[in-house]
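A.B. asks: Please see the structure below; I have some questions.
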Amino acid sequence: MAWFRREQKPLKKSERPGVPSDVFDKCAGCSEILYRERLHQNLGVCPNCGRHMRIQAGRYVEILLDEGSFRERDAHLSSGDPLGFVDLKPYPERLKEAEAKSGRRNAVISGAGEIERRPIHIAIMDFRFVGGSMGSVVGEKIARAARRALSEGTPLIVVSASGGARMQEGIFSLMQMAKTSAVLGRLHEAGLPYVSVLTDPTTGGVTASFAMLGDLNIAEPGALIGFAGPRVIEETIKQELPDGFQRAEFLLEHGMVDRVVDRRSLKKEIAQVLDHMLGPVADRDAQRDAERTVERTAERTAERTAEPGTAQAGAAVAGPARKHAPVQPPSQPEGGPARGAPGAGATGPPVEGRPIPPLGQESPRG
Ligand SMILES: [Zn+2]
């Protein structure tokens, strides 16, 4: 019965008709098959069960900031190999692979942008880059973003996604916790808001430092947030952990985070919080106009009274004070820094004539 035998060879895997692998995704929450484009439009949130998938760091720029407002800073920074660290492979090799995989030179995107017309500084961690681990570059970029926010008088937003400290950099990695915490302390003293957004997962040294230091700590639904992993804790305390332990909702119930916010309303929520802390943007514009008028009036008065005697007297008074005065924060070329905190309880960001003294240095007496 030769006709019964299969004469054609079975199709190879590559020849089988089917859908390309990059068209659909399966939701890990409800097992629904989702059209990837639709999932992308829904900001990586399952339309069926609301599960928040991990998304790329660059996507948060699109989600949180006004279109076209983002200016990236420090993209060129990359890690050294201070310890000559080798585990399964040498650390520099691991970094090269991470660069190829993520298309970035480090695990953070940082820069300036606007949220509903309010200038801010932002840093977003990229989990694809060595598990978003915090090495010296991550710490440095977040500290720089905070310092820029400080000098320009803007709020700071940090979106965290991290497996913790980067062990390949040893103590250089751990000291980033202190460094970032110190500069956030200065931001707090200056009365500038810092909003921390915790995404899935935020663990280890990142949780133990800047991720939990926000004036407001916002978590995405279902995000894993913790210091040590659940297995380590169970082994240590010899107890079974409750359901949902270390998830955003559990932490909200126990007072570890302030809000759990759907990614689709994250931008609106942050804008509202900043309005609440600093006053609405419209007020800020009005205040800036008022400041400009005052400056112009002062300039005109100075021009009118610019006689040799008066100028010298002024210089003599200002002289000794200026000699030791800390460097004035550079003013923004256009738009001007966000100033003024009409909201009750706010200390108010730095204004002219009230420069921020460097750490541990008292303001000099005039
Ligand atoms: Zn789902």
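Each value in this text was obtained by applying a stated rule to the coordinates, not by laboratory testing. Since the structure is predicted, the reported quantities are computational estimates derived from the model, not experimental observations. When we count neighbours, we look across all protein chains shown, and the Cβ atoms used for this are built from the backbone with ideal geometry, even at glycine.
A.B. asks: ARG71 to ARG304: extension gain in nm, 0.36 nm per residue of separation minus the Cα-Cα distance?
C.D. replies: 79.8 nm
A.B. asks: Another question about this same structure. Taking the range 184-275, which trypsin sites (Lys or Arg not before Pro) meet the DSSP loop condition and have no more than 13 other C-beta atoms within 10 Å?
C.D. replies: LYS238
A.B. asks: May I ask for the distance between the Cα centers of the range 78-147 and the range 188-230, given as a whole number of Å?
C.D. replies: 17 Å
A.B. asks: Along the range 22-33, what does the Karplus equation 6.51 cos²θ - 1.76 cosθ + 1.60 (θ = phi - 60°) give for ³J(HN,Hα), rounded to whole Hz, x for Gly and Pro?
C.D. replies: Running phi through 6.51 cos²θ - 1.76 cosθ + 1.60 with θ = phi - 60° gives 9, 9, 10, 10, 9, 6, 6, x, 10, 6, 5, 8 Hz.
A.B. asks: Another question, then. What is the calculated FRET efficiency for HIS40 to ARG231, with r their C-beta to C-beta distance and R₀ = 35 Å, to the nearest 0.05?
C.D. replies: Computed FRET efficiency for HIS40 and ARG231: 0.55.
A.B. asks: Please rank LEU83, LEU95, fewest neighbouring Cβ atoms within 10 Å first, as an exposure proxy.
C.D. replies: On the way: LEU83 14, LEU95 21.
By the 10 Å Cβ count, ascending: LEU83, LEU95.
A.B. asks: Ranked highest first by average number of other Cβ atoms within 10 Å, how do 155-167, 212-224 line up? Numbers along the way, then the final one.
C.D. replies: Working: 155-167: 25.0, 212-224: 20.2.
Averaged packing, sorted descending, gives the order 155-167, 212-224.
A.B. asks: Here is a further query. Can you spot the aspartates and glutamates whose alpha carbon is less than 18 Å from LYS101's alpha carbon? Ignore those fewer than 8 places along the same chain.
C.D. replies: List returned: ASP22, GLU93, ASP126.
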